[in-house]
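Novice: One structure, pasted below without further comment.
The values are calculated or read from the model by the stated rules, or taken from the named source; none is laboratory data. Just so it is clear, the structure is predicted and the values come from calculations on it, not from any experiment. Quick reminder, even Gly has a Cβ in these numbers, built from the backbone with ideal geometry, and neighbours come from all protein chains shown.
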Amino acid sequence: MDDPAVTEDTVQDGRVQDERAGRLDRGDGVELAWAHLPGRSPTVVFLPGFKSDMDGIKATTLRDFCAATGQAMLRLDYSGHGRSGGAFTDGTIGRWAEDARAVIEHVVGGERLLLVGSSMGGWIGLLLGREMPGRLAALVGIAAAPDFTETLMWQSMTFEERARLDRDGHIDVPSEYGEPYRITRGLIEDGRRQMVLGGPIPIGCKVRLLQGQRDADVPWETALTLAERLESQDVMVALVKDGDHRLSRLDDLALLTRVVAALLFQDGA
């Protein structure tokens, strides 16, 4: 893996003036953007969702919390997302998980980790957790969406959409969050290789799952299924009865911060 571009101070307010940003060439010319706040271990790592980035309100709320408490934190953008290079349509779940792992290993080395994954980031957190179990202090899922390319995309497609995907290699689907999503055949096919809910998930650390019951994108029952599949015996699910998929209201953000703070305290940080 190549060295990143020159690292420079991120322009932030006084609370996060020590956060530094950089770019990592993953080895094929695609640069991955990251921002790192030094502090106590474990390092809180925020894993964004599908077509989301490290500058979203949940990521920056956790950054401010970590800055105020002296906790280390890493934010990152997968290829084709946010500040990173590469085309979104070239990405897959496996590729984005590799992106995240590359940034983690380059920026924080062998430090212990507290992974916080939002939506697709929850799936990526599970994949990373299986690969580096000894390094995980805890895992937090926010409307975690494991296997969504199959259960929420492929299974909801019409026969005509599936035929078009097979013929053209992609389809465009509407999104209430902005421009249509371009779904590629590669994303669906790779997603099947990354699925985790078909059996036990060998992750033994503390896990906390936050889920809105008015989530229009990920059925809230997914959190219960995930809790059942995890081998960890220390799993808690927090259902927010009026919560949507984003869980980004002030009360939702306060819940997220409390959950992360409690895990850090339990870990002895």
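Novice: Among the numbered criteria (1) over 26 Å from Val259 (Cβ atoms); (2) touching a Ser or Thr at 6+ places or on another chain (Cβ under 7 Å), which single criterion is violated by Tyr78?
Specialist: Only one criterion in (1) over 26 Å from Val259 (Cβ atoms); (2) touching a Ser or Thr at 6+ places or on another chain (Cβ under 7 Å) is unmet by Tyr78, namely (1).
Novice: Being polar (S, T, N, Q) and buried (at least 21 other Cβ atoms within 10 Å of the Cβ) is the filter here; which residues of the stretch 190-213 pass it?
Specialist: Gln211
Novice: Could you tell me whether Ala216 is among the aliphatic types (A, V, I, L, M) and exposed (fewer than 11 other Cβ atoms within 10 Å of the Cβ)?
Specialist: When the stated conditions are applied, Ala216 passes them.
Novice: Among (1) in the same structural domain as Met236 (by TED's automatic domain parsing); (2) of a type in the set (Val, Ile, Thr); (3) modelled with pLDDT under 95, there is one condition Val173 misses while meeting the rest; what is its number?
Specialist: It fails just one condition, (1).
Novice: On to the next question. Would you say Arg192 is in contact (Cβ under 8 Å) with a residue 40 or more places away in the chain and in a strand (DSSP E or B)?
Specialist: no
Novice: How about the stretch 228-257: which of its residues are more than 18 Å from the chain's Cα centre (by Cα) and not hydrophobic (A, V, I, L, M, F, W, C)?
Specialist: Correct list: Glu228, Arg229, Glu231, Ser232, Gln233, Asp234, Lys241, Asp242, Gly243, Arg249, Asp251.
Novice: Of the residues Leu187, Leu230, Leu128, which is surrounded by 15 or more Cβ atoms within 10 Å (Cβ to Cβ) and in contact with a strand residue (DSSP E or B) (Cβ under 6 Å, 6 or more places away or on another chain)?
Specialist: Leu230
Novice: Out of the residues in the stretch 97-115 meeting the condition of being under 19 Å from Ile203 (Cβ atoms), of a type outside the set (Lys, Arg) and within 13 Å of the chain's Cα centre (by Cα), tell me which one is surrounded by the most Cβ atoms within 10 Å (Cβ to Cβ).
Specialist: Per the stated criteria, the residue is Leu115.
Novice: Something else now. Quick one: would you say Gly204 is in contact (Cβ under 8 Å) with a residue 40 or more places away in the chain and assigned to a loop (DSSP other than H, G, I, E, B)?
Specialist: So Gly204 fits the description; yes.
Novice: For the list (1) crowded, with 20+ Cβ neighbours inside 10 Å; (2) in contact with a helix residue (DSSP H, G or I) (Cβ under 8 Å, 6 or more places away or on another chain), I need the number of the one condition that Gly94 fails.
Specialist: Just one mismatch for Gly94, condition (1).
Novice: For Ala137, all conditions in the list (1) free of Cβ contacts under 8 Å to residues at least 12 places away in the same chain; (2) within 25 Å of Leu210 (Cα to Cα); (3) of a type in the set (Gly, Ala, Ser) hold save one; what is the number of the exception?
Specialist: (1)
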